[in-house]
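Student: Can you read through this structure? Questions will come right after.
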Amino acid sequence: MPIKIEDLADGVTKVVISGRIDIAGAADIDMPMSIVGGSRRNVVIDLSGVEFMASLGLRSIVLSGKSIMSKGGKVVLLAPQPAVEEVITTSGIDELIPIYKDEAAAIAAVTPAA
Amino acid sequence: MTGLASGPDILRITSALSELSRLYPWFAEAAARHSLPSALVQKMHVVLEESVMNVAMHAYAPGSQEEITIRLHAQTGMAELVVEDHGPAFDPVAAPEKPRAESLLDAEIGGLGLRLVRRFCKDISYARVDGTNQLTLRFAYEPETA
């Protein structure tokens, strides 16, 4: 499975996606991402292990992100590789879901105020 | 090899979604044979997947197994992918692009693929030839020096 969901401290969830998120990969992450969208409010999506992603994978991330934000939650992307980052910035998704290079900063950005 | 019924730079698949998994192995091998640089290969793969998926999902009825033909032409500094299908005439070059969403909650999902295809290609052209949709996607690159 190219996706792993880790619950961290302070209600923060880290979703680690990896491998090739092509048509088949997008089908694999669709359901877990939809579960994350429906059940978590403070989410870091770690993309550092993703080698390839096209619009179907982005779609899955955006849908999940919409669901999180509609509940007043926060979601950020963490450390995409250059080719994947180019797909994200070219499609304009980074203007909707910010990209962080540093994990501690990403976690801090979604952590609810005490 | 252009013009032959089959050859190393031509892939024929059907529009069944399971067939789309054949795209990347074919393209990776052909791109390596033409020594295309890896940054270009990544972009071309995104464009290839978006274009063929668009045909498989919209040109033909869901679940059908109609033919899609993909050709790669490469020469120094220029690479070209041609995607052909015989579905109803559809010109993705003329399709309007949706504006960027102001916020995630307003974001519409459709149109992401088309935006990527347009931004990653140097040039795109569409022709309807003998009942076939022919989409030509061109890319420019700096050849890697040995």
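The values are calculated or read from the model by the stated rules, or taken from the named source; none is laboratory data. Remember, predicted model here, so these are calculated numbers, not experimental data. Ideal geometry is used to build each Cβ from the backbone, glycine not excepted, and the neighbour counts take in all protein chains shown. Surface areas here come from the heavy atoms of the whole protein model, side chains and all, with no ligands, DNA or RNA. Shrake-Rupley method; radii C 1.70, N 1.55, O 1.52, S 1.80 Å.
Student: In Å², and per residue, what accessible area does the protein assembly as shown have when probed at 1.4 Å with the other protein chains present?
Tutor: Computed with neighbouring chains in place, this is 47 Å² per residue.
Student: Given a Förster radius of 22 Å and the C-beta distance between A:A113 and A:E6 as r, what FRET efficiency does 1/(1 + (r/R0)^6) yield to the nearest 0.05?
Tutor: 0.50
Student: Nothing charged except the Cβ atoms of Lys and Arg (+1) and of Asp and Glu (-1): what's the magnitude of the dipole of the protein assembly as shown about its Cα centre? Round to the nearest 20 debye.
Tutor: 340 debye
Student: For the pair B:Q65/B:M78, report the inter-label distance in nm, with labels modelled 7 Å from Cα in the Cβ direction.
Tutor: Calculated label separation equals 3.8 nm.
Student: Then there's this: Where a Cα-Cα gap under 19 Å defines reach, which lysines qualify for A:K71, not counting those fewer than 8 residues away within the same chain?
Tutor: The reachable lysines, counting only those whose Cα sits under 19 Å from A:K71, are A:K14.
Student: At 1.4 Å probe size, with no ligands or nucleic acids counted, give the accessible surface of B:K98 in Å², nearest ten.
Tutor: For B:K98, solvent-accessible area is about 100 Å².
Student: Can you pull the percent of segment A:3-109's accessible area that's carbon plus sulfur, 1.4 Å probe, other chains left in place?
Tutor: Ligands and nucleic acids excluded, carbon and sulfur give 53 percent.
Student: How much accessible area is lost when chains B and A come together, counting both sides, with a 1.4 Å probe, in Å² rounded to the nearest 100? It would help to have the intermediate numbers written out before the result.
Tutor: On the way: alone 8740 and 5820 Å², together 12260 Å².
Separately minus together, B and A give about 2300 Å² buried.
Student: What residues does segment A:82-107 have that are buried by at least 20 Å² of accessible area in the full protein assembly compared to the chain on its own, 1.4 angstrom probe?
Tutor: Buried by 20 Å² or more upon assembly, which counts only protein chains, are A:A83, A:E86, A:V87, A:T90, A:S91, A:E95, A:L96.
Student: Another question about this same structure. Estimate the FRET efficiency between B:H86 and A:S70 by the formula 1/(1 + (r/R0)^6), using the beta-carbon distance for r and 41 Å for R0, to the nearest 0.05.
Tutor: With a Förster radius of 41 Å, E is 0.45.
Student: Let me ask something else about it. Along the Cα→Cβ direction, 7 angstrom out, place labels at B:L105 and B:A39. What is the inter-label distance in nm?
Tutor: So the two model labels end up 3.9 nm from each other.
Student: Something else: How are the alpha carbon pair distances in segment B:10-140 distributed across 5 Å bins from zero to the largest one, expressed in percent?
Tutor: It works out to 2, 10, 21, 22, 20, 14, 8, 3, 1, in whole percents.
Student: Run the numbers on segment B:33-51: which residues show a drop of 20 Å² or more in accessible area, chain on its own versus all protein chains together, using a 1.4 Å probe over heavy atoms?
Tutor: B:Q42, B:K43, B:H45, B:V46, B:E49, B:E50
Student: What figure in square angstrom, to the nearest 10, would you give for the accessible area of B:Y141 with a 1.4 Å probe?
Tutor: Counting only protein heavy atoms, the figure is 40 Å².
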